Every structure is written in structure tokens, then in C-alpha cells.
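The values are calculated or read from the model by the stated rules, or taken from the named source; none is laboratory data. Here the structure is a predicted model, which means the values were calculated and not measured. Cβ placement follows ideal geometry from the backbone for every residue including glycine, while neighbour counts extend to all protein chains displayed.
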């Protein structure tokens, strides 16, 4: 592994920690403190006490910057603890818009929703919903908010009340009934759910549990819950037990291609150029191999092939979905639809 670049004279704590984060993301195994000190000799010079104090500040700053820095038991090695960054659980610091900036982003986003059939349309819609909740001082009539909230979307205070009810129900192990809005149809329908856990995923609260309608474990977005009611029958008795081995992190770290849409299928994505260098971060769970010419082939199991297809298109020309053939057909279908829409649009 090549040594990190020399520290610039105008270095700051944030810049230093970003270099440390980049290095940790390239490691194939948890890194001990001694390995970190050796990789950054200028950063952690001095006596052991000074190094420990500086490293402690850097760990806190990494977490403040939104990186999911985790400790791992090394087991039988020279040091007991190693450090690893979970790229999929890391989040960027919140973006604060001025009222004018928020109105501009809103106008551009709603305009794109009206006119575009882009494969990331759903992600844009979710981003605009977060803008409604998260932007302070946004002019109430800067744009017609009803376009995205006519379905009864909840604001931040209402969402907090739903979260409080959810946690109470989970603590008591009581089944909840939610009125759930489906983005694909615009309909609101009741669902009965045994809540197994909840988490904050990429800035949005989710709940995971057994859906009585679908007869399986499903994920729900709290922002799409229009109401939440706990079963009041025999209030002191639990309605269900948590499954052995249930881990909410499996769901909170999910990507779109992990959703349980169909039976598992094997997929492969080839990364070239600049993306080849960050293939491990783009698909952390994939098995990687290096091809002649420097391209990297990532193989993984997916349960939502369309989700991986859409992400591969978003990565651009340096990413190619190689397998399965069904996925390549999906990509062609999406691209042909975009080309057809653009060709028929009046300039």
C-alpha cells in the first residue's frame, strides 16, 4: 500500500481526517492503531500519550463528519482493537440551504419531476420530500408544495410523534396498524406489522417487521406512514417475539439491490477507469477480481435486479452491468425509454 501523500502546509483537522477516512476505506481488514500510526507518521509523531490524545480527537472528528467508525475485536493479535469504516452506514453532514437556495432547488426538482422519465426519478422525489421537512425558512409558496404533499405527507413534528409510538409498541412487542402510502400508486392502505426494529438510514427513519399482508419481513419508511396505532387488546401481553438472530443493521445498511423483491440472483458489474479504484466502496459486499487492463469485476447476489440496474446507469460509462442478461435487457429498456422521450420532446 503506497504511503499517504505529504501533509500540506495549510492542513486542517477535517482535511487530515478525510485522508485517514480514505485510507481506512481501502483496507481489506480492520486497522490497528499501530498500523494507522505507521501509515501517517507525520500526523502521529511524538510520545505515546500525545499520539493517543490526537488519535482520540481524530476519531471524534471522523464521527462528527458522518463517518461510521467502528471498532472490531482483533482476537489474539498484538492489539485487541482494530478500526474500520462502514461506507454504507456513513452519512454526509446535513446541508443547510438559505431560503433562496431552498426555493431554487425545489423549483428545479419539481420541474424535473414533471418533465423527466429519468431512471432516478424516485430518488429525486424522496430528496424533495426531505427538503420539505429539513429546510428552515423555506418560503411556503416558493413552489406548490401540494404537488408532493397532497397525499398527506407528515412534517418533522408529526414524524417524531409517530417514532415515539413506534418505539413504545416495539418495547411492548405489540402489533401496529399503519396507514401506509405507496409511492408507486399514490394509494394509502392499512398494514399490520410486528415491528422487529427501527433505524435511521441515509437520513430517513425506517421500521422493519413482519407484514401480515405480505406474510414476510418488510421495510417501511416512517415518512410514508400516515398514522400508526398500537394493538390495544391485552395491552400488557406481547403479541410476538423477536426472531432469533434478527439484526436491524442488515436492513439499515441495505442498498436498493438488497430489497426482497425476487429470489436471489447472481450479478456482475465491471468497473473501469476512476471507478475501478473505488469499486470496493461502491459494492462493499461484492467479491472483486482484477482483469487485464486494470478493470475490476464485482460479483454479488441481489434481490432487486432493477435496483442494481438503475444504480449502474447512474454510475455512468465507467460501470457496465455484465450479468445477468435479464439485467442488461432492463438497462436497454430504460435507456431506450429516455432516448424516445427526449426525441419526442419539443425544444
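Quick notes on this one:
- Residue check, residue 233 farther than 30 Å from residue 330 by Cβ and either more than 23 Å from the chain's Cα centre (by Cα) or not assigned by TED's automatic domain parsing to the domain that holds residue 164 (or both): yes
- Annotation note: Cβ proximity below 6 Å between a residue of the stretch 278-299 that is at pLDDT below 90 and a residue that is surrounded by 15 or more Cβ atoms within 10 Å (Cβ to Cβ) and part of a helix (DSSP H, G or I) (sequence gap 6+ or interchain) occurs for 281/25; 294/276.
- Boolean, residue 243 is assigned to a loop (DSSP other than H, G, I, E, B), within 30 Å of residue 299 (Cβ to Cβ), at pLDDT 90 or above and not assigned by TED's automatic domain parsing to the domain that holds residue 66: yes
- Some residue of the stretch 209-231 being in contact (Cβ under 8 Å) with a residue 40 or more places away in the chain and within 23 Å of residue 327 (Cβ to Cβ): yes
- Checking each residue of the stretch 263-272 against the condition of being in a helix (DSSP H, G or I), surrounded by fewer than 17 Cβ atoms within 10 Å (Cβ to Cβ), modelled with pLDDT under 90 and within 24 Å of the chain's Cα centre (by Cα) gives no match.
- Tallying residues that are in a strand (DSSP E or B) and surrounded by fewer than 18 Cβ atoms within 10 Å (Cβ to Cβ) within the stretch 311-332 yields 3.
- Among the residues of the stretch 175-189, the ones that are at pLDDT 95 or above and either in contact with a helix residue (DSSP H, G or I) (Cβ under 8 Å, 6 or more places away or on another chain) or exposed (fewer than 13 other Cβ atoms within 10 Å of the Cβ) (or both) come to 2 in all.
- Of the residues 65, 20, the single one that is closer than 30 Å to residue 257 by Cα, outside the structural domain of residue 204 (by TED's automatic domain parsing) and modelled with pLDDT of 85 or more is 20.
- Residue within the stretch 240-250 that is in contact with a helix residue (DSSP H, G or I) (Cβ under 7 Å, 6 or more places away or on another chain) and under 30 Å from residue 193 (Cβ atoms) present: no
- Selection status of residue 218, out of contact with any helix residue (DSSP H, G or I) (no Cβ under 8 Å at 6 or more places or on another chain) and assigned to a loop (DSSP other than H, G, I, E, B): no
- You will find that of 335, 308, 275, the residue that is surrounded by 12 or more Cβ atoms within 10 Å (Cβ to Cβ), at pLDDT 90 or above and part of a helix (DSSP H, G or I) is 308 and no other.
- Within the stretch 38-50, the set of residues being surrounded by fewer than 17 Cβ atoms within 10 Å (Cβ to Cβ) and not in a loop (DSSP other than H, G, I, E, B) comprises 38, 48, 49, 50.
- Single residue of 285, 326 found to be within 18 Å of the chain's Cα centre (by Cα) and closer than 23 Å to residue 259 by Cβ: 285
- Unmet requirement for residue 162, which otherwise passes all of (1) part of a strand (DSSP E or B); (2) over 16 Å from residue 238 (Cβ atoms): (1)
- Of the residues making up the stretch 25-41, just one is touching a helix residue (DSSP H, G or I) at 6+ places or on another chain (Cβ under 9 Å), without any contact (Cβ under 8 Å) to a residue 24 or more places away in the chain and over 21 Å from residue 277 (Cα atoms), namely 37.
- Restricted to the stretch 181-208, and to residues there that are without any contact (Cβ under 8 Å) to a residue 40 or more places away in the chain and part of a strand (DSSP E or B), the residue that is nearest to residue 160 (Cα to Cα) is 195.
- Look at (1) closer than 30 Å to residue 286 by Cα; (2) surrounded by 17 or more Cβ atoms within 10 Å (Cβ to Cβ); (3) at pLDDT below 90; (4) touching a strand residue (DSSP E or B) at 6+ places or on another chain (Cβ under 7 Å) and you find that residue 254 fails only one, number (4).
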